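Take a look at the structure below.
The values are calculated or read from the model by the stated rules, or taken from the named source; none is laboratory data. If you're wondering where the values come from, they're calculated on a predicted model, not measured in any experiment. Note that we place each Cβ from the backbone using ideal geometry, even for glycine, and neighbour counts take in every protein chain shown. Just the protein is used for accessible areas: all its heavy atoms, side chains included, with ligands, DNA and RNA removed. Shrake-Rupley method; radii C 1.70, N 1.55, O 1.52, S 1.80 Å.
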Amino acid sequence: MKKGLFIVLEGPDRSGKSTQAAMLRDWLAGPGRKVRLTREPGGTYLSEKIRAILLDPKSEIEPLTELFLYETSRAKHTLKVIMPALKAGEIIISDRYTMSTTAYQGYGRGLDLKMVETLNRIATMGLKPDLTIVFDVPDKVFRQRECRGNDRMELQAASFRLKVNRAYKKLASAPGVTRVNAAASIEDVHSRVRSAVAALLRKKGFGTR
Ligand SMILES: Nc1ncnc2c1ncn2[C@@H]1O[C@H](COP(=O)(O)OP(=O)(O)O)[C@@H](O)[C@H]1O
Ligand SMILES: [Mg+2]
């Protein structure tokens, strides 16, 4: 059933995901090729509502509740956006997906990693990205980019954010995952992303770009 390509960009807040997602979309777009950019939490009307709850600093959310909110948003997003796009042969780029839940709710909150993996599998119905790119932020740069936003996740304690950053370093070495040094310039990071995606396009017979 799956004909398209599913690319996920991952990394801590301010690692450059949204910047690179837009650049990648622009690079990939062309005649005869439909490229769609989406994000988690979000991507559908309902999932964006859940996003607003998750990011509202006034929301009091326990770790388990938080986990289920992310997975609920993901189930809807996967069923209504990602799977249909793949079926239609589109290239879909998601700004965050399951690895974020492993990093934030698993390693960051300390929830049981097996439980998180199980819920990730249920919410995605077993769908796996064709490529996950992790923007790895060296600790020094991480501290420099620590100028925080004001959503509920960005307002978490520095210790939590550090745990998440460490988790990404670990997860970036998993098979099928491409790590990109996020400390490089925006153009250099884009060029690394392009080579990883070009290799995927060749492998999947999508024609080069
Ligand atoms: N490689 C880079 N070097 C320096 N600054 C960057 C780089 N990539 C992104 N930025 C800047 O860092 C900030 C966060 O980038 P953004 O793409 O929003 O990250 P994310 O989506 O991962 O939170 C933005 O102001 C962006 O312009
Ligand atoms: Mg972003």
**Request:** Among the listed pairs Lys128/Lys169; Lys128/Lys163; Lys34/Lys203; Lys49/Lys140; Lys34/Lys128, give every one whose C-alpha distance is greater than 29 Å.
**Result:** Lys49/Lys140
**Fill in**
the stretch 104-132 scanned against label point 7 Å out from Thr72 along Cα→C-beta; backbone N under 15 Å for 123
**Prompt:** Taking 0.36 nm per intervening residue step and subtracting the Cα-Cα distance, what contour gain separates Arg145 from Leu79 on full extension?
**Reply:** 20.3 nm
**Request:** Could you tell me what percent of the accessible area of the chain is made up of carbon and sulfur, with a 1.4 Å probe and every protein chain present?
**Result:** 55 percent
**Message:** Apply the a/c threshold of 1.5 to the C-alpha gyration tensor of the chain and tell me whether it is rounded, prolate or oblate.
**Reply:** oblate
**Prompt:** Restricting attention to the alpha-carbon atoms of the stretch 80-177, what are Rg (one decimal) and Dmax (integer), both in Å?
**Reply:** 14.9, 43
**Request:** Using only Cα atoms, locate the centre of the stretch 162-204 and the centre of the stretch 43-108, then give the distance between them in Å, rounded to an integer.
**Result:** 21 Å
**Complete:** Between the modelled labels at Thr19 and Ala157 (7 Å from Cα along Cα→Cβ) the distance in nm is 3.0 nm
**Message:** Need the full-extension length gain, Asp56 to Ile186, defined as separation in residues times 0.36 nm minus the C-alpha distance. One decimal, nm.
**Reply:** 43.9 nm
**Complete:** For the stretch 40-89, listing trypsin sites (Lys or Arg not before Pro) in a DSSP loop whose Cβ sees at most 15 other Cβ atoms within 10 Å gives Lys58
**Prompt:** Any idea how far the Cα center of the stretch 1-39 sits from the one of the stretch 111-143, in Å?
**Reply:** 17 Å
